[in-house]
Amino acid sequence: MDLLRFNLVLISIFSLAKINLVLGDIGTATSYNPPYTPTKCGGNRNDQFPAGNLFVAVSEGLWDNGAACGRRYRLRCLSGNNKPCRDIGTTIDVRVVDFCPRRPCPSTIVLSSDAFAAISRNPDAKINIEYIQI
């Protein structure tokens with residue numbers, strides 16, 4: 001069997017078995033509520049926030065001394081207590097606009113309330129996520 005057919009067979013098996021392949025990093029996410037300004041990246045500028053308010057603040061591990069500002073991540077909910085994920089396969093694209101507003105940071109990534117609502121049913125949950133820089 002050539003490599004292409006072998007890969008197609010594997011993809012078919014994973015699809016049928018509904019096995020989720022993890023391709024990015026694994027972390028946790030929580031949500032935060034307005035006011036969102038001022039931020040460490042854009043201060044009080046409203047144009048720093050992307051359409052749909054899909055933005056995040058990141059913890060020290062991703063902050064990179066501010067180099068994280070403007071970075072984009074694709075993320076999805078993997079799990080959490082009481083099945084908080086809207087749909088395991090749903091992904092959202094978010095932009096980093098801030099450093100985590102709480103010390104210590106409660107999660108790897110802190111999502112705006114709109115971003116969190118797009119992937120989780122419970123706004124007070126701490127969820128496990130997969131994320132990858134895009």
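The values are calculated or read from the model by the stated rules, or taken from the named source; none is laboratory data. Just so it is clear, the structure is predicted and the values come from calculations on it, not from any experiment. Backbone-built Cβ (ideal geometry, glycine too); neighbour counts: all protein chains shown. Accessible surface is based on the protein model in full, side chains and every heavy atom, while ligands, DNA and RNA are left aside. Shrake-Rupley method; radii C 1.70, N 1.55, O 1.52, S 1.80 Å.
What the table shows:
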quantity	calculated
Only one of Ile119, Ile109, Ile26 that is modelled with pLDDT of 95 or more and in contact with a Gly (Cβ under 9 Å, 6 or more places away or on another chain)	Ile109
Count of residues meeting criterion [touching a residue at least 60 places away in the same chain (Cβ under 8 Å) and either within 30 Å of Gly42 (Cα to Cα) or of a type in the set (Phe, Trp, Tyr) (or both)] in the range 68-90	4
Failed item, numbered, when Gly70 is tested on (1) under 16 Å from Pro123 (Cα atoms); (2) open to solvent by 30 Å² or more (accessible area, probe 1.4 Å); (3) in contact with a helix residue (DSSP H, G or I) (Cβ under 9 Å, 6 or more places away or on another chain)	(1)
Filtered residues of the range 86-129 (kept if open to solvent by less than 20 Å² (accessible area, probe 1.4 Å) and among the acidic types (Asp, Glu))	Asp98
